[in-house]
1. Taking 7 Å along the Cα-to-C-beta vector as the label spot, tell me the B:ASN223-B:VAL51 distance in nanometres, rounded to one decimal.
2. Using a probe radius of 1.4 Å on protein heavy atoms only, what is the accessible area buried between chains A and B, both sides summed, to the nearest 100 Å²?
3. Checking buried surface per residue: for region B:144-189, which residues lose a minimum of 40 Å² accessible area in the protein assembly relative to the chain alone (1.4 Å probe)?
4. Label-to-label distances across copies for B:GLN145, with labels 7 Å out along Cα→Cβ, in nm, shortest first?
5. What are the distances, in nm and sorted shortest first, from the label point of B:ASN175 to the label points of the same position in each other copy, with each label point placed 7 Å from Cα along the Cα-to-Cβ direction?
6. Taking the Cα centre of the protein assembly as shown as the origin, how large is its charge dipole in debye, to the nearest 20, when only Lys and Arg (+1) and Asp and Glu (-1) carry charge on their Cβ atoms?
7. Net charge within 14 Å of B:GLY157 by Cβ-Cβ distance, Lys/Arg positive one each and Asp/Glu negative one each, not counting B:GLY157 itself?
8. Any chance you could look up the accessible area of B:PHE110 with a 1.4 Å probe, heavy atoms only, rounded to 10 Å²?
Protein chains: 2
Amino acid sequence: MDIMVIPSVNEARTDNLANKTVIVIDVLRATSTMLTALAHGCSAIYPVETVMQAKQLQQPGYLLGGERGCKKIPGFDLGNSPFEFMDDQVAGKTIIMTTTNGTRAIQKAFKASTIIAASLLNGKACAKEAAALKRNIVIICSGTQDVYSLEDGICAGQIVEELQNCLQAEGVELNINDFGLSMLYAFRQVQGDMTKALLDCANGRRLCSLGFTEDIIYCSRMNLIRLVPIVQDGKLIASPSINSFERF
Amino acid sequence: MDIMVIPSVNEARTDNLANKTVIVIDVLRATSTMLTALAHGCSAIYPVETVMQAKQLQQPGYLLGGERGCKKIPGFDLGNSPFEFMDDQVAGKTIIMTTTNGTRAIQKAFKASTIIAASLLNGKACAKEAAALKRNIVIICSGTQDVYSLEDGICAGQIVEELQNCLQAEGVELNINDFGLSMLYAFRQVQGDMTKALLDCANGRRLCSLGFTEDIIYCSRMNLIRLVPIVQDGKLIASPSINSFERF
């Protein structure tokens, strides 16, 4: 089985994603936040690229969420901090979400057989889901404005580690690309203090300076939530294959 | 001081390299081989992009070296294996060298203030040389056909580690990009068995299959040679700043 990790959205070629399982990562913060919303009972999330698309999809009862420059979009109900997606406001609701990088990566993957939204919070669950699908896997690190972001690469390493654990026990031979191997090694080095690794990287420093230190600490918690967001009919829902999950 | 690591040649923008110290890495095998030649008394190496350019520069007494598809170019004196550059044949000679990736990366860096050719064999010496120049540093991993190669990234991590050792002791604040930090972490994870890391990566597997296992083992030896190849007037020479070096 081929496992290819791609360092940023603009390096992903849409045609290379056909018939594959694609795992999209945006640890700070889109995929962590969308996972958190689903874990708190949100029924579905439409990931869209632009503010205009978000407003066009708007219906009574839907919530608008997202950020530009790490900040809530004027007129939207919610920003992009996971803590905004934990209260009862999101339970049973559909959310339309637009962020600078993560939602764009999900849009780009639409030719894939399956699209999974992963973060450190659910890396193990995502790896198990992807392993069970038995197709070649592409892991896209969203990055930031087309530049590689450390937190997404480290999360890719976490998922490669978990895929190895799942699949090598079954005797499946894995062909991991050089970038994926490098991320696996980097993950192993920092896994003992993931919060520090995230606080030290570019997005971590930027979010800290904007007052979002708690977001980083939360997003650095590995395997807190056993729920896998997958794309179905253009929206993210909780995969039915994993029913049990841990809340706080 | 800014330290930026770039994953492959095609991601380097020539204009961003002006007034900087640029370190070019092609561990398997161009920069390892060129270093080995200089350490064995070769007086200068012209890195050129094409076979035609190499033949046009040819003069009586010059040697032609290089590879295409890991193999020696027909009609050339030498291939790209470091073991071909160790005997007395190279002492005192000028070599014209063309390889698929490494020489192209050096060509691309020609706007830099200083260009250093680094490999695992001389990572520490290169870091010391670059640190002493007190300019912002760009480290270019040559990669393979525009794709990131693990061995070059790991060597970038080795150099970032050594730069930290040199410069933080002097109180210099380092601003390392996310890709550089990731390579630093990956290097720390694999430094205890560098040969295995190189045998496991894509170029390592390819070179093994072509019978070059000894080349990989040699190229994985860290800080074997205290000599720094720098570009001067279009050719690589041993930097005069470090006079002593270890041979075998």
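1. 4.1 nm
2. Approximately 1700 Å² gets buried when A meets B.
3. Those are B:TYR148, B:LEU150, B:ASP178, B:PHE179, B:SER182, B:TYR185, B:GLN189, which lose 40 Å² or more relative to the chain on its own.
4. Those separations, rounded to one decimal, come out as 3.3 nm.
5. 4.2
6. 540 debye
7. Counting the neighbours of B:GLY157, the net charge comes to -3.
8. Result for B:PHE110: roughly 90 Å² accessible.
The values are calculated or read from the model by the stated rules, or taken from the named source; none is laboratory data. From a predicted model like this one, the values you see are computed outputs, not experimental measurements. For neighbour counting, all protein chains shown are included, and Cβ atoms are generated from backbone atoms with ideal geometry for every residue, glycine included. For accessibility, only protein heavy atoms count, side chains too; no ligands or nucleic acids. Shrake-Rupley method; radii C 1.70, N 1.55, O 1.52, S 1.80 Å.
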